[in-house]
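Taking it in order: structure first as structure tokens, then the write-up.
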């Protein structure tokens, strides 16, 4: 056994509860690693469905999952139960937003960031700082990635370091730049190594720098960020103003990283009547459905609707177009 | 005037013809950015906003120190320093 963990550390891992928020590229590598490490309780939250283009980097999924149109959280849970039957793995098909993020991470000892957008990360940062839950930022694009550990009360939080999201359209996305598996594996592995230290009670060993990796440059750097917390200017961790949690109107549309798609979601609870919706949609396009979702090809769009009313409109990156398609064929 | 290297991470290289390192002569970080405004305008627009402030999703480091811990864009540069412009990214 690795001396840095030891029998006592392994026992602690078996009692730990980790939430993977997002199970795309980073999240699937991280969940796989943590399940095999023996994390006692693993909750995997993801809003998305496995698609063929995911398979190049999202290691938990396969072509069967694509064919069956399985939600990633469901596919991940099934896979990881076969990997390690001694742990409790739960997949939650859900979109994290300001009204549910605190419930999603409640009781977690640590959260792994597997999100694919800034909005979710700032929301996660607010929730984790508010509740004193450590979380580990990770993000990738192309061959480049970043990671940073946030220990509320000890280290800078995300908003200390990244003061705000870039304006829309400014930065490259998975749509424009792609992302390669090696950097995903590097960043998720760094996230997991730090997680293992924290979960075994060794916070003093945690790297407090921002780590950047570029696998195409074969370059790994550690950049100092720890003093940013001491500036006392952070609205989140210095002033405890949780602006993202307090959003009166959650963003209802999100352009999805890596695909020509827009998600439409609703903060309030809804339950979609699949029978009624599929009967209506059958007149306009071919409908496919399973227990979790309903999918229909309409004009140049593929619309996937989940039980809670959330939809992914594939075929556009324009929120207004997606809203129009939703309103026209699903009904708001 | 010290000669320094501005290091450009991968996500920003499309805005400077793919170059990873840009040699610049400048006394301060702010002066280095002004040089980029002239020599690499597309890159500059991605790094600084319309008011000339460094955009909020980016951090600028001199060697491994964040300039916000130093004197911001007034941070003095020395011969051979490496100025790294580090963008946060959103993919996952």
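Each reported figure results from applying straightforward, stated rules to the coordinates on display, with no laboratory input. Quantities reported herein were computed from a predicted structural model and do not represent experimental measurements. We place every Cβ from the backbone using ideal geometry, glycine too, and count neighbours over all the protein chains shown.
Ordering of A:142-148, A:19-25 by packing is A:19-25, A:142-148, highest average first (other Cβ atoms within 10 Å, averaged per residue).
Take every residue in peptide B:44-50, count the Cβ atoms of other chains within 10 Å of its Cβ, and give the average of those counts.
1
Can you tell me the length gained on complete extension of the stretch residue A:246 to residue A:36, counting 0.36 nm per residue apart and subtracting the Cα distance? Each step should come with its number before you reach the end.
Working: separation 210, 0.36 × 210 = 75.60 nm, distance 3.65 nm.
Extending this stretch completely gives an extra 71.9 nm.
What the Cα atoms of chain A give is an Rg and a Dmax of 19.7, 63 Å.
Could you work out [θ]222 nm for chain A from helices alone, using -39500 (n - 2.57) per DSSP H run of at least four and dividing by all its residues? Round to the nearest 500 deg cm²/dmol.
Working: 11 runs with 105 residues, N = 332.
Here the helix-only value at 222 nm equals -9000 deg cm²/dmol.
Spacing of the modelled spin labels on residue B:1 and residue B:82, each 7 Å from Cα toward Cβ, amounts to 2.3 nm. Cβ-to-Cβ counts within 10 Å put A:102, A:194, A:314 in ascending order as A:102, A:314, A:194, the fewest first. Cα centroid separation, the range A:1-43 to the range A:300-319: 33 Å. Rounded to the nearest 0.05, what FRET efficiency is calculated for residue A:11 and residue B:21 with R0 set to 41 Å and r the Cβ-Cβ distance? Using R0 = 41 Å, I get an efficiency of 0.25.
Under the 0.36 nm per residue contour assumption, what length would be gained going from the current alpha-carbon distance of residue A:238 and residue A:318 to full extension? Before the final figure, lay out each step's value.
On the way: separation 80, 0.36 × 80 = 28.80 nm, distance 3.62 nm.
This chain segment gains 25.2 nm when fully extended.
Working note: Cα gyration tensor of the range A:252-329, eigenvalues times five, square-rooted, sorted largest first, giving semi-axes of 18, 15, 11 Å.
Treat the count of other C-beta atoms within 10 Å as a stand-in for reagent exposure and order A:275, A:217, B:69, B:81 from fewest to most. Write out the running numbers ahead of the final one.
Values: A:275 10, A:217 14, B:69 17, B:81 21.
Listing A:275, A:217, B:69, B:81 from fewest to most nearby Cβ atoms yields A:275, A:217, B:69, B:81.
What the Cβ-Cβ distance of residue B:45 and residue A:307 gives, at R0 = 56 Å and to the nearest 0.05, is a FRET efficiency of 0.80.
Taking all Cα pairs closer than 8 Å and separated by 6 or more residues, the relative contact order of chain A comes to 15 percent. For chain A, take the longest principal axis of its alpha carbons; what is the angle in degrees between that and the long axis of helix A:319-329, to the nearest 10 within 0 to 90? In chain A, helix A:319-329 runs at an angle near 40 degrees to the longest axis. Remark: relative contact order (chain B) = 39 percent; criterion is Cα-Cα distance under 8 angstrom and separation of 6 or more residues. Restricting the calculation to Cα atoms, chain B yields a radius of gyration followed by a Dmax of 12.1, 41 Å. Okay, which of the range A:92-120 sit inside 16 Å, backbone N to the point 7 Å along the Cα-Cβ direction of residue A:291? Zone members listed by number: A:92-94.
Quick check: residue separation of residue A:202 and residue A:266 times 0.36 nm, minus the Cα distance between them. What number comes out in nm?
Values: separation 64, 0.36 × 64 = 23.04 nm, distance 3.98 nm.
Contour length minus the Cα-Cα distance gives 19.1 nm.
Taking Cα atoms only, the orientation of helix A:118-131 departs from the longest principal axis of chain A by about 50 degrees. In this label model, residue B:13 and residue A:230 are separated by 3.5 nm, measuring between points 7 Å along each Cα→Cβ vector.
For A:242, A:292, the sequence from fewest to most other C-beta atoms within 10 Å is A:292, A:242. Between helix A:25-37 and chain A there is an angle of about 50 degrees, using the helix long axis and the longest principal axis of the Cα atoms. Along the Cα→Cβ direction, 7 angstrom out, place labels at residue A:56 and residue A:99. What is the inter-label distance in nm? So the two model labels end up 3.6 nm from each other.
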